[in-house]
Amino acid sequence: MGRLSPEQQALVVSNARVAQLVTRRGAYKYRNLLSQDEIEQVAQLALVKAAMTYQRETGVPFSGFAWSHVAGAVIRHADKERRARQLRAALGKFMKLAMRQGSVLTDTPETVRVEAIEQLQCGLIATTLGMVADAREGTDEPLICRETIDAVAQAVAELDAEQRTVVEQVYFEDRQLKQVAAACGWTVITTRRRHQAALTELARKLGQHAAEPAARLPA
């Protein structure tokens, strides 16, 4: 809570029960959708944001203001996760159809087409990063050329500090996202977002280099 004033910190500490109660209710309501840890992180972040935006002169008690803010944040996060699951299910259907019928892009909704292309690009980037990591450590002939290794190194170096940290720790230090979050003092949610943003940015930067691993993998 380094960015909070002493008064704001006091509001967070004295109203911690708000986040706890919202977490408890959310853990039951969304038990098939979100983990309790994830709900707790969302609730705590929302409580801090509520303290930062609260204006005492409005006359509204902070406890009520915080409850609305925290509960709303959990509801929005759950809705976002529900939509993401629905989209992943649609993507799975799209990929099955693509494998059976070849190109089905003309029969697929625009949002699913765009998401499918982005996911495929990010998957290729993740594969590329894994091969670069293997090439750094291994003594066998790498499955990726020197030009691509250099291009990946340059693209990673150009990421912002947070995204670069996630990429280096996940792919080059073999850490899980939860471990990265703990080491950096971030929430798991924030770490996931930075990981996805990094893959998307690398896909944009690397272009054709990201397609190389798919062509070089053994049949």
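Derivation of every value follows stated rules applied to the coordinates shown; laboratory data play no part. Just so it is clear, the structure is predicted and the values come from calculations on it, not from any experiment. Cβ: placed from backbone, ideal geometry, glycine included. Neighbour counts: every protein chain shown.
When ranked by the protection proxy of mean other Cβ atoms within 10 Å per residue, highest first, what sequence do the peptides 53-60, 3-10, 27-34 form?
27-34, 3-10, 53-60
Between Arg164 and Tyr28, what length comes free when the chain is fully extended (0.36 nm per residue of separation minus the Cα-Cα distance, one decimal in nm)?
45.3 nm
Give the calculated FRET efficiency between Lys178 and Val13 to the nearest 0.05, with a Förster radius of 35 Å applied to their Cβ-Cβ distance.
Here the calculated transfer efficiency is 0.85.
Expressed as a rounded percentage, what relative contact order does the range 6-87 have, with Cα pairs under 8 Å and six or more residues apart?
Relative CO of the range 6-87 lands at 36 percent.
So how much slack lies between Arg204 and Val60, counting 0.36 nm per residue of separation and subtracting their Cα-Cα distance, in nm?
47.2 nm
Using only the C-alpha atoms of the range 6-87, find the volume of their convex hull and express it per residue in Å³.
In the range 6-87, the Cα hull volume divided by residue count equals 82 Å³.
Calculate, in nm to one decimal, what Ser68 and Arg83 gain on full extension: separation in residues at 0.36 nm each, minus their alpha carbon distance.
3.2 nm
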